[in-house]
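The values are calculated or read from the model by the stated rules, or taken from the named source; none is laboratory data. These numbers come from a predicted model, not from an experiment. Here the Cβ is made from the backbone with ideal geometry for all residues, glycine too, and neighbour counts use every protein chain on show. With ligands, DNA and RNA removed, areas are computed over all heavy atoms of the protein, side chains included. Shrake-Rupley method; radii C 1.70, N 1.55, O 1.52, S 1.80 Å.
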Amino acid sequence: MERKSLGLASVIATGVGLIVATSCLLSIGQGSSAIGTPFIISMTLACAFNILTALSICELNALMPNLTGGMSQFTLACTGPFITIITSMGGFLCCQMILISSEAAMFGNTLSAVIGDKLFGIPMSGTAYTIALVLILFVLNLRGVDMFAKIQNIVAYGLIVSLVIMGILGCIKVNPDTVVEQPTVISTNMKDIFSLLGLSFFLFIGVEYIVPISSEVRNARKMIPLGMVLSLVIILVMQIFMVIGFGNYTPWAELGESTVPHILYGTALLGKAGTIWMTIVSLLAVVSTVNTAMFGVSQLCYGMAKIDLLPKLFMRRNKRGTPFMGLILITAALIIINATGLGTSEKIVFLINTGCVFWIFCYVILHIDVIILRFKLPKAPRTFKLPFGIVIPVIGVIGNLFMIWNIAPDMENRLIILGIFAGVSLVLATYAFFWCKFRMKRPLFKAYPIKEIMAMDTDLYQMRHYPKLARKLHIYAEPEVEAVSAEENTGTRPE
């Protein structure tokens, strides 16, 4: 029996490493510049709602462990294919394309600011740097070279340690010569604090990506939920230090206008050394985050195609085993979105808020999935089960809907963002209707049995139900499994 090798430290490393990205620093800067240190209240509330979501995800994974399609399989077992397609394609595919575009834009903005303005005086558009990064990572992923993902934890911990140190240095005013005299509190109005919940939510999304490593974790029943919660709390503490540090060393107005607030802060705190320090660490984090997201989207499309929610085209793999159609899709989306001129902090924040609506909506559906399965399969064995019945998922639904409504501080932008969400959802609903009726030929709202969903995730299922396509896509089972499959279908043992 293979020994499980991962402990709590590895779970926390995975959670922190996947959640923290350089674009989070822009969100901290924008929120802090709007209301000052009371932004900490917004962050704490958003962190609490994300902890509730993490716990719901743990219960879902306890019923349906280690599936490649993730949330799509959970929802398919609860509400059927129609809602599953809308939430999976909108909440994860569209959302990832939007949010990772903002992260890629931060890469270009950081290089442009540092190389062009602060150190070398070489003018070059941030968009050019961004597109170059996306194309390089596309080629590396096509070749199956995941070199950046291999150092994900090292890069992530480097970022976290650096931000904690920089935050603490700012809190204790280590460089008194450059301290800014300004009020640390701009607004204590709860309406202003609540209006930044959507922006705060972005600081904590992605904890569900801890789930895939659960099969390698010792005592996963306890360590996975605990690791998720601790990851979110550690990130919150780190960000609180940064908010206080920002208030001591960066004028609020300049912080709100900057596309690279971490560079602005590092320069004010430690001069040229701070500029270089923050640049190196943040660039490595951007590369790792964007690369991991590109790889993740290609795998998600592959998993959705397995359960027939996307065309089987997305199951195509190249000679190195990479499902390349999903990779092409996200690469094209990143280039198009950034080529439209994404660069100012206002545009990036708008992009982040728009993507967050889709992701928050997915979290609402995940909580509803837990509630449905509690009534549908009340006695099914679960290695992890939420206490207090359905109280936690119900509170989670209410909290996430509240964050959606408060996705932007001003009503005009809020309505635009919600309009984009409604428009995209309508397009996806149209696709879902015709796909379910004419391709899947399944009822729109009839849930799939859990056993069938778990079977669909295997290569053997694809071989037996789509033999010609399986051969074309180079999907093969082990020889022993092929023999058993042939015997079941013909009643004889193959020669």
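Among the residues in the stretch 378-390, are any touching a Pro at 6+ places or on another chain (Cβ under 7 Å) and more than 28 Å from GLY198 (Cβ to Cβ)?
For the stretch 378-390, residues touching a Pro at 6+ places or on another chain (Cβ under 7 Å) and more than 28 Å from GLY198 (Cβ to Cβ): present.
Just to be sure before I move on: is GLY321 open to solvent by 20 Å² or more (accessible area, probe 1.4 Å), of a type outside the set (Phe, Trp, Tyr) and over 15 Å from the mean Cα position of the chain (by Cα) in the structure I sent?
In short, yes.
Please determine, by comparing only the residues of the stretch 348-370 that are modelled with pLDDT of 85 or more and open to solvent by 30 Å² or more (accessible area, probe 1.4 Å), which one is farthest from the chain's Cα centre (by Cα).
Restricting to residues being modelled with pLDDT of 85 or more and open to solvent by 30 Å² or more (accessible area, probe 1.4 Å), the top hit is ILE368.
Of the conditions (1) of a type outside the set (D, E, K, R); (2) touching a residue at least 24 places away in the same chain (Cβ under 8 Å); (3) part of a helix (DSSP H, G or I), ILE165 satisfies every one except a single condition; which number is it?
Unmet for ILE165, out of (1) of a type outside the set (D, E, K, R); (2) touching a residue at least 24 places away in the same chain (Cβ under 8 Å); (3) part of a helix (DSSP H, G or I): (2).
Among the candidates ILE398, ILE417, single out the residue that is part of a helix (DSSP H, G or I), of a type in the set (Val, Ile, Thr) and crowded, with 17+ Cβ neighbours inside 10 Å.
ILE417
Which of the following residues is touching a helix residue (DSSP H, G or I) at 6+ places or on another chain (Cβ under 8 Å) and at pLDDT 75 or above: SER345, SER298?
SER298
Which of the residues that make up the stretch 215-229 are out of contact with any Lys or Arg (no Cβ under 9 Å at 6 or more places or on another chain) and surrounded by 18 or more Cβ atoms within 10 Å (Cβ to Cβ)?
MET223, ILE224, PRO225, GLY227, MET228, VAL229
Which one is surrounded by the fewest Cβ atoms within 10 Å (Cβ to Cβ) among residues in the stretch 55-72 that are within 24 Å of CYS356 (Cβ to Cβ) and modelled with pLDDT under 80?
Only one residue fits best here, namely MET71.
Suppose we filter ILE210, ILE205 for residues that are within 15 Å of the chain's Cα centre (by Cα), modelled with pLDDT under 90, open to solvent by less than 10 Å² (accessible area, probe 1.4 Å) and of a type in the set (Val, Ile, Thr); which single one remains?
ILE210
Look at PHE295 and say whether it is within 22 Å of the chain's Cα centre (by Cα), of a type in the set (Phe, Trp, Tyr) and open to solvent by less than 30 Å² (accessible area, probe 1.4 Å).
no
Among what's in the stretch 430-476 and is among the β-branched types (Val, Ile, Thr) and under 27 Å from the mean Cα position of the chain (by Cα), pick the residue that is modelled with the highest pLDDT.
Across the stretch 430-476, the extreme among qualifying residues is THR430.
Within the group THR44, THR87, THR75, which residue is hydroxyl-bearing (Ser, Thr, Tyr) and modelled with pLDDT of 90 or more?
THR44 is the lone residue from the list that is hydroxyl-bearing (Ser, Thr, Tyr) and modelled with pLDDT of 90 or more.
Looking at (1) more than 16 Å from GLN73 (Cα to Cα); (2) part of a helix (DSSP H, G or I); (3) open to solvent by 50 Å² or more (accessible area, probe 1.4 Å); (4) in contact (Cβ under 8 Å) with a residue 60 or more places away in the chain, find the lone condition where TRP435 falls short.
With (1) more than 16 Å from GLN73 (Cα to Cα); (2) part of a helix (DSSP H, G or I); (3) open to solvent by 50 Å² or more (accessible area, probe 1.4 Å); (4) in contact (Cβ under 8 Å) with a residue 60 or more places away in the chain applied to TRP435, the lone miss is (3).
Would you mind telling me which numbered condition in (1) within 18 Å of THR79 (Cα to Cα); (2) touching a helix residue (DSSP H, G or I) at 6+ places or on another chain (Cβ under 9 Å); (3) not hydroxyl-bearing (Ser, Thr, Tyr); (4) not in a loop (DSSP other than H, G, I, E, B) ALA455 fails?
For ALA455, the failing item is (1).
What residue, of THR250, THR188, is out of contact with any Asp or Glu (no Cβ under 9 Å at 6 or more places or on another chain), surrounded by fewer than 23 Cβ atoms within 10 Å (Cβ to Cβ) and of a type in the set (Ser, Thr, Tyr)?
Within the list THR250, THR188, the selection yields THR188.
Does the stretch 202-215 include one or more residues that are of a type in the set (Gly, Ala, Ser) and closer than 25 Å to ILE352 by Cβ?
Within the stretch 202-215 (the criterion being of a type in the set (Gly, Ala, Ser) and closer than 25 Å to ILE352 by Cβ), the answer is yes, since at least one residue qualifies.
Residues being at pLDDT below 80 and surrounded by fewer than 16 Cβ atoms within 10 Å (Cβ to Cβ): count how many of those fall in the stretch 119-134.
Of the residues in the stretch 119-134, 7 are at pLDDT below 80 and surrounded by fewer than 16 Cβ atoms within 10 Å (Cβ to Cβ).
CYS94 fails exactly one of the following numbered conditions: (1) closer than 30 Å to MET440 by Cβ; (2) at pLDDT 80 or above; (3) part of a helix (DSSP H, G or I); (4) not basic (Lys, Arg). What is the number of that condition?
That leaves (2) as the condition not met.
Would you please name the residue that is least open to solvent (accessible area, probe 1.4 Å), looking only at residues in the stretch 168-185 that are over 26 Å from SER282 (Cβ atoms) and touching a residue at least 12 places away in the same chain (Cβ under 8 Å)?
Across the stretch 168-185, the extreme among qualifying residues is VAL185.
Looking for whichever is open to solvent by less than 10 Å² (accessible area, probe 1.4 Å), outside any helix (DSSP H, G or I) and under 27 Å from ASN61 (Cβ atoms) here; the options are LEU327, LEU373, LEU309. Which one fits?
Matching residue, one of LEU327, LEU373, LEU309: LEU309.
Results for (1) modelled with pLDDT under 90; (2) charged (D, E, K, R); (3) touching a Lys or Arg at 6+ places or on another chain (Cβ under 6 Å), shown as yes or no for each residue.
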{"residue": "LYS150", "(1), (2), (3)": "yes, yes, no"}
{"residue": "VAL155", "(1), (2), (3)": "yes, no, no"}
{"residue": "LEU159", "(1), (2), (3)": "yes, no, no"}
{"residue": "LEU163", "(1), (2), (3)": "yes, no, no"}
{"residue": "LEU169", "(1), (2), (3)": "no, no, no"}
{"residue": "ASP177", "(1), (2), (3)": "yes, yes, no"}
{"residue": "PRO183", "(1), (2), (3)": "yes, no, no"}
{"residue": "LYS191", "(1), (2), (3)": "yes, yes, no"}
